[in-house]
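**Q** Let me begin by handing over the structure; questions about it come next.
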There are 2 protein chains.
Amino acid sequence: MYDSLCRIARERALLSSTAAALDWDQETNMPEAGVEYRAEQLGYLSGKIHELGTSAEFRGHLEAAEAAGSSDPEVAANLREWRYHFDRATLLPRELVEEDTRLSSVAKHAWAEARAKSDFPTFAPFLQQLVDMARRKADLWGYPDEPYDALLGGYERGAKTSDIAAVFDPIRADLAEIAAAAVERGKSVPADLLDGDYPIAQQQELNRRIAESIGFDFNAGRIDTTTHPFCTGMGPRDTRLTTRYDLRDFTSSLFGVLHEAGHGLYDQGLPAAKYGLPSGEAVSLGIHESQSRLWENHVGRSLPFWEMWFPVAAEIFPHLRAIKLDSFLTTINRAAYSFIRVEADEATYDLHILLRFGIERRLLNGTLAIADLAAAWNEEFTTLFGMVPPDDARGCLQDIHWSMGGIGYFTTYTLGNLNSAQLFAAANQNPEVASAANMADYAPLLDWMRRSVHSRGSTQLPQDLMESATGSRTIAAPYLAHLRSRFLGG
Amino acid sequence: MYDSLCRIARERALLSSTAAALDWDQETNMPEAGVEYRAEQLGYLSGKIHELGTSAEFRGHLEAAEAAGSSDPEVAANLREWRYHFDRATLLPRELVEEDTRLSSVAKHAWAEARAKSDFPTFAPFLQQLVDMARRKADLWGYPDEPYDALLGGYERGAKTSDIAAVFDPIRADLAEIAAAAVERGKSVPADLLDGDYPIAQQQELNRRIAESIGFDFNAGRIDTTTHPFCTGMGPRDTRLTTRYDLRDFTSSLFGVLHEAGHGLYDQGLPAAKYGLPSGEAVSLGIHESQSRLWENHVGRSLPFWEMWFPVAAEIFPHLRAIKLDSFLTTINRAAYSFIRVEADEATYDLHILLRFGIERRLLNGTLAIADLAAAWNEEFTTLFGMVPPDDARGCLQDIHWSMGGIGYFTTYTLGNLNSAQLFAAANQNPEVASAANMADYAPLLDWMRRSVHSRGSTQLPQDLMESATGSRTIAAPYLAHLRSRFLGG
């Protein structure tokens, strides 16, 4: 019966990796007119994946395997994850799922129109339905304390809202203070130091060399160009990254590639032999994001990294030859407030997330009405950033997530930031990791992540994984120390 | 029941178009290490496609629909095709199919090694097994006259070996004579006239403009680079071509693109609403090849075409500016013998096919033993080409087809050439088509092909289609006239 569960899980993986390949193709290569039939193909595949994972056969094997139990921790972990996902998929009646799909589709459309006109009231009725739908789903799924738990858990297994709040709430003031100080400092850093000509082919060359140097395996992966960068795995040995290019600033694609390569290294480090089983799968968004942020920020914006790579970049881009390394570093770590989350820098990013976490939680708990959302957003934003959003397009309408039903997702971004600092600090407790990193040799760091994070798959819940890897569940201290050192130090 | 058959056929098309997308990705983009899992994905999909098309459910609906009959010719044609393919798939026992798959896999490997060493004897035992397997399959499938019918029919619905021979045999001497005269003329044409620098980006620009001008829809298609050029459809509105580039000769990729775009125009001209049903599918290889050869040779190597495009090419490639149009035309239509089929030009190509047709037929009928194959090849080659293959790598070992079990495939190439000339001549009976083509306006020609060929899907068998479109089944006269005019005229 356990073997049958494995067989079905691997069959589902064949289908979902195939769907991932079609998705990737749609983003990178597909001619425009292909979109309609591609949607049919993807709809068909996701129907088959759902069928396999919710079948009576699967349920039967699962119940039998649970009754038999297992002393093998991997088997126990796989059963735990299968049970969770089986329940998630079967606790919702088919009509509700169909209603949900229809709602997301019309709401996404309504959101795009409302954002274009910066007109929250036209989106409000849809958001009301989305929140109602989220509550109905949470009620069916069940939750320990509050409905937001059930939504958050879909992205971050085992996470409880109150635990997140216990970490986020106490650092709100610290984060705001660090951001304010960093932004104040940033005002004296010229914004146009790097402005120059950076042809795409040369950016690609540098990106590739750097991605390779941190361990991304191009024999089992590649980089392409898309409007919205992403990383996707489409098999145990096939990881695709994408980026976009700014012809006036090479660091835009480079940090994008470091971020996606961080996701990609996690993907490439999962145990290939267990592909399709929970023990071979990434454990959560908060852990995934810790890996992308680790390489993007802790490695990619550090002095040792650029001591190594700035001379190489200056070889490739003549514009850089007149620039000093310390000015370059100050520039890439320059902080400034932005109304827009996706444009935010490391020093200010989490304020955007705390804002959303608070609002999502209140919407779900019914302590914030949709009618009051825009005002609440603007008030909270003003408190955190000291400036007032000029319109809803640059306020509560800026993100696509809610319109797709993605309530709870944002929270994993700050969780990822906290995890990244905590994992980086723990790895650097190892003298070999630390001294190599000081010479821009990240093989020991990657090796540590491989052992402590990647190779574990989903055998442990995210917080248990953090505890094994670092000695404690997610805490804020390492991240605050990192931000202070980077933005307030010197 | 007919509706159920349509539903199952469309479901199979969802799976096979998905497999086509994975195949395309493998040829164009997939990182090397992805190959193993990709094979698993493709194996899984083809298993599902096979299951759906051979299920008891499908059989039941098919029998019921056949018993009910239909006066709608499209329905009747779909039932006819479903019956043919259902029988083809179900008449072979599973063990035989598995043995066949294993045999192709080892034989392909053995062939590659034998060719590398130019050592036919090491491949001979595999070829013996392949021929035996082909005969066993033919016996199970059944055939009107001789086993080769059953193999040929898999590529060219309804084709009978004796009918093919009745067309091929009488023109053997004519083709050899035309080739000899063309090669003799070719000797006085300098081979290096076009030798120059043709950067890929500029080749791509010209290729794209030309493909667009003959009607290839880039909104529903694209061109990529691969070692072996091909055209594949992965949905009703998504047709992908590939080509390869010779940096010293822009015509190599250009004629490749015209050839593949010819296949692509057929694909784009199939009725999209019937995608997945026989009435929405290309009818045979011999008709498909007629379309690629039409645009590659009848259009692409003609004077009116280059009166239009040579000045454009000379704008793009400075090297061409010193060359006269008539020298250019003579060069691109220069004939020379080659030992290798894939390097052969229009004047000599069919001799390679007649050679293979004769040998395949004799192998299947048992009138040629494997032990005598290499000698028979060389003797026949010498008769046709007046030169002796220096080794088996340039003789009977050159093609991959047999090693994959593809006996009967070659025949459709010459059939395609004959069809292309016959269809081109028939279309040019229409004064509008002819006068527009004289000014390199091929919209009326494409429109004629759309109406007479593409839009028909598989509603008629190939030879019935030829008869409706041109007034007769495949004949040789138009093709011989074309070759004589091109290579012996003036």
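The values are calculated or read from the model by the stated rules, or taken from the named source; none is laboratory data. All figures in this text were calculated on a predicted structure; none of them were measured in a lab. All Cβ positions, even for glycine, are placed from backbone atoms using ideal geometry, and neighbour counts span all protein chains on display.
**Q** In segment B:360-380, which residues are assigned to a helix (DSSP H, G or I) and in contact with a helix residue (DSSP H, G or I) (Cβ under 6 Å, 6 or more places away or on another chain)? Steps first, please.
**A** Taking segment B:360-380 and keeping what is assigned to a helix (DSSP H, G or I), we get B:360-365, B:370-380.
Hits for segment B:360-380 are B:361, B:363, B:364, B:370, B:374, B:380.
**Q** What number of residues within segment A:202-237 satisfy the criterion of being of a type in the set (Val, Ile, Thr) and assigned to a helix (DSSP H, G or I)? Let's see the steps before the verdict.
**A** First, the residues of segment A:202-237 that are of a type in the set (Val, Ile, Thr): A:210, A:214, A:223, A:225-227, A:232.
From the residues that got through so far, the ones that are assigned to a helix (DSSP H, G or I) too are A:210.
Qualifying residue count for the region: 1.
**Q** Here is a further query. Taking the condition closer than 22 Å to residue A:458 by Cβ, among the β-branched types (Val, Ile, Thr) and surrounded by fewer than 19 Cβ atoms within 10 Å (Cβ to Cβ), does residue A:54 pass? Break it down stepwise before answering.
**A** Details: closer than 22 Å to residue A:458 by Cβ: yes; among the β-branched types (Val, Ile, Thr): yes; surrounded by fewer than 19 Cβ atoms within 10 Å (Cβ to Cβ): yes.
So residue A:54 passes the test.
**Q** While we're looking at this one, here's another question. Only one of these conditions is not met by residue B:145: (1) in the same structural domain as residue B:24 (by TED's automatic domain parsing); (2) in contact (Cβ under 8 Å) with a residue 12 or more places away in the chain; (3) exposed (fewer than 13 other Cβ atoms within 10 Å of the Cβ). Which number is it?
**A** (1)
**Q** Need the failing condition index for residue A:440 against (1) among the aliphatic types (A, V, I, L, M); (2) on the phi > 0 side of the Ramachandran plot; (3) at pLDDT below 95, just the number.
**A** (3)
**Q** Would you mention how many residues in segment A:359-377 are of a type outside the set (A, V, I, L, M, F, W, C) and buried (at least 18 other Cβ atoms within 10 Å of the Cβ)? Show your work before the answer.
**A** Initially, segment A:359-377 is screened for residues of a type outside the set (A, V, I, L, M, F, W, C), giving A:360-362, A:365-367, A:372.
Narrowing the set further to residues that are buried (at least 18 other Cβ atoms within 10 Å of the Cβ) leaves A:360-361.
Total meeting the criteria: 2.
**Q** Another one. Quick one: residue A:422 ticks every box in (1) over 20 Å from residue A:347 (Cβ atoms); (2) at pLDDT 95 or above bar one, so which box is it?
**A** So the condition that residue A:422 fails would be (1).
**Q** Of everything in segment B:268-283 that's of a type outside the set (Gly, Ala, Ser) and over 13 Å from the mean Cα position of the chain (by Cα), which residue is nearest to residue B:442 (Cα to Cα)?
**A** Within segment B:268-283, the first condition is being of a type outside the set (Gly, Ala, Ser), and the residues that meet it are B:268, B:270-271, B:274-275, B:277-278, B:281, B:283.
Filter once more, so that each one left must be over 13 Å from the mean Cα position of the chain (by Cα): B:268, B:270-271, B:274-275, B:277-278, B:281.
Values: B:268: 16, B:270: 18, B:271: 21, B:274: 26, B:275: 26, B:277: 29, B:278: 28, B:281: 24 Å.
The residue in question is B:268.
**Q** Let me ask something additional. Is it the case that segment B:269-276 has a residue that's under 21 Å from residue B:216 (Cα atoms), within 14 Å of another protein chain (Cβ to nearest Cβ) and charged (D, E, K, R)?
**A** yes
**Q** Return yes or no: is residue A:252 over 15 Å from the mean Cα position of the chain (by Cα), under 22 Å from residue A:446 (Cα atoms) and more than 14 Å from every other protein chain (Cβ to nearest Cβ)? Before the answer, list the steps.
**A** Details: over 15 Å from the mean Cα position of the chain (by Cα): yes; under 22 Å from residue A:446 (Cα atoms): no; more than 14 Å from every other protein chain (Cβ to nearest Cβ): yes.
Taking the combined requirement at face value, the residue does not satisfy it.
**Q** Conditions first: (1) more than 14 Å from chain B (Cβ to nearest Cβ); (2) farther than 28 Å from residue A:249 by Cβ. Residue A:305 passes all but one, so which condition is the exception?
**A** (2)
**Q** Can you find a residue that is touching a Phe, Trp or Tyr at 6+ places or on another chain (Cβ under 9 Å) and either in contact (Cβ under 8 Å) with a residue 24 or more places away in the chain or under 30 Å from residue A:307 (Cα atoms) (or both) anywhere in segment A:461-468?
**A** The initial filter retains those residues of segment A:461-468 that are touching a Phe, Trp or Tyr at 6+ places or on another chain (Cβ under 9 Å), namely none.
Among the residues of segment A:461-468, not one is touching a Phe, Trp or Tyr at 6+ places or on another chain (Cβ under 9 Å) and either in contact (Cβ under 8 Å) with a residue 24 or more places away in the chain or under 30 Å from residue A:307 (Cα atoms) (or both), which makes the answer no.
**Q** Let me ask something else. For residue B:124, state whether it is aliphatic (A, V, I, L, M), in the same structural domain as residue B:460 (by TED's automatic domain parsing) and over 19 Å from residue B:151 (Cα atoms).
**A** Values: aliphatic (A, V, I, L, M): yes; in the same structural domain as residue B:460 (by TED's automatic domain parsing): yes; over 19 Å from residue B:151 (Cα atoms): yes.
Judged against the criteria, residue B:124 is a match.
**Q** Can you tell me how many residues in segment A:29-48 are more than 8 Å from chain B (Cβ to nearest Cβ) and not small (Gly, Ala, Ser)? Give the steps one after another, and end with the answer.
**A** Quick first cut of segment A:29-48, residues more than 8 Å from chain B (Cβ to nearest Cβ) only: A:35, A:39, A:42-43, A:46-48.
Checking which are not small (Gly, Ala, Ser) leaves us with A:35, A:42, A:48.
Of the residues in segment A:29-48, 3 are more than 8 Å from chain B (Cβ to nearest Cβ) and not small (Gly, Ala, Ser).
**Q** Scan B:419, B:430 and give me the residue that is within 20 Å of residue B:470 (Cβ to Cβ), assigned by TED's automatic domain parsing to the domain that holds residue B:470 and more than 25 Å from the chain's Cα centre (by Cα). Can you show your working first?
**A** Details: B:419 fails: more than 25 Å from the chain's Cα centre (by Cα).
When all the criteria are applied, what remains is B:430.
**Q** Residues in segment A:346-364 that are free of Cβ contacts under 8 Å to residues at least 60 places away in the same chain and among the charged types (D, E, K, R): how many?
**A** Filtering segment A:346-364 for residues free of Cβ contacts under 8 Å to residues at least 60 places away in the same chain gives A:352, A:355-356, A:358-359, A:362.
Retained after the next criterion (residues that are among the charged types (D, E, K, R)): A:356, A:362.
Number of matching residues: 2.
**Q** So residue B:390 fits all but one of (1) surrounded by fewer than 18 Cβ atoms within 10 Å (Cβ to Cβ); (2) touching a residue at least 40 places away in the same chain (Cβ under 8 Å); (3) within 24 Å of residue B:104 (Cα to Cα); what number is the exception?
**A** Looking at each condition in turn, residue B:390 falls short on (3).
**Q** Taking residue A:259 as meeting all but one of (1) surrounded by fewer than 23 Cβ atoms within 10 Å (Cβ to Cβ); (2) away from chain B (no Cβ under 14 Å), write down the number of the exception.
**A** For residue A:259, the exception is condition (1).
**Q** Let me ask you something else. Considering only segment A:123-166, how many residues are within 18 Å of residue A:93 (Cβ to Cβ) and among the acidic types (Asp, Glu)?
**A** So the count comes out to 2.
**Q** Turning to a different aspect of this structure: Determine whether residue A:62 is part of a helix (DSSP H, G or I), within 12 Å of another protein chain (Cβ to nearest Cβ), buried (at least 16 other Cβ atoms within 10 Å of the Cβ) and touching a Lys or Arg at 6+ places or on another chain (Cβ under 9 Å). Show your work before the answer.
**A** Values: part of a helix (DSSP H, G or I): yes; within 12 Å of another protein chain (Cβ to nearest Cβ): no; buried (at least 16 other Cβ atoms within 10 Å of the Cβ): yes; touching a Lys or Arg at 6+ places or on another chain (Cβ under 9 Å): yes.
No.
**Q** Among the residues of segment A:191-213, are any within 14 Å of chain B (Cβ to nearest Cβ) and within 20 Å of the chain's Cα centre (by Cα)? Break it down stepwise before answering.
**A** The first filter runs over segment A:191-213 and keeps only residues within 14 Å of chain B (Cβ to nearest Cβ), leaving A:199-201, A:208, A:211-212.
Those still in the list that are within 20 Å of the chain's Cα centre (by Cα) too: A:211.
Yes, segment A:191-213 contains at least one residue that is within 14 Å of chain B (Cβ to nearest Cβ) and within 20 Å of the chain's Cα centre (by Cα).
**Q** Let me ask you something else. Given the criteria closer than 14 Å to residue A:289 by Cα and aromatic (Phe, Trp, Tyr), does residue A:487 qualify?
**A** Working: closer than 14 Å to residue A:289 by Cα: no; aromatic (Phe, Trp, Tyr): yes.
In short, no.
**Q** When the residues of segment A:1-28 are filtered to those that are within 15 Å of residue B:14 (Cα to Cα) and within 7 Å of chain B (Cβ to nearest Cβ), which remaining residue is surrounded by the fewest Cβ atoms within 10 Å (Cβ to Cβ)?
**A** A:22
**Q** Moving on. Picking from B:159, B:201, which residue would you name as being touching a residue at least 12 places away in the same chain (Cβ under 8 Å), hydrophobic (A, V, I, L, M, F, W, C) and under 30 Å from residue B:242 (Cβ atoms)?
**A** Details: B:201 fails: touching a residue at least 12 places away in the same chain (Cβ under 8 Å).
Unique residue meeting the criteria: B:159.
**Q** Let me ask another. Return a yes/no flag: does segment A:14-23 have any residue that is over 20 Å from residue B:29 (Cα atoms), modelled with pLDDT of 95 or more and in a helix (DSSP H, G or I).
**A** No, segment A:14-23 contains no residue that is over 20 Å from residue B:29 (Cα atoms), modelled with pLDDT of 95 or more and in a helix (DSSP H, G or I).
**Q** Given (1) at pLDDT 95 or above; (2) of a type in the set (A, V, I, L, M, F, W, C); (3) closer than 27 Å to residue A:99 by Cα; (4) touching a helix residue (DSSP H, G or I) at 6+ places or on another chain (Cβ under 8 Å), identify the lone condition not met by residue A:404.
**A** In the conditions (1) at pLDDT 95 or above; (2) of a type in the set (A, V, I, L, M, F, W, C); (3) closer than 27 Å to residue A:99 by Cα; (4) touching a helix residue (DSSP H, G or I) at 6+ places or on another chain (Cβ under 8 Å), residue A:404 misses (1) alone.
**Q** Identify the single condition in (1) among the hydrophobic types (A, V, I, L, M, F, W, C); (2) facing chain A (nearest Cβ under 8 Å); (3) free of Cβ contacts under 8 Å to residues at least 40 places away in the same chain that residue B:223 does not satisfy, given that it satisfies every other one.
**A** (2)
**Q** Six or more apart or on different chains, Cβ atoms under 6 Å: show the pairs whose first residue is in segment A:310-327 and in contact (Cβ under 8 Å) with a residue 60 or more places away in the chain and whose second is part of a helix (DSSP H, G or I) and surrounded by fewer than 17 Cβ atoms within 10 Å (Cβ to Cβ).
**A** The qualifying pairs are A:316/A:202; A:320/A:314.
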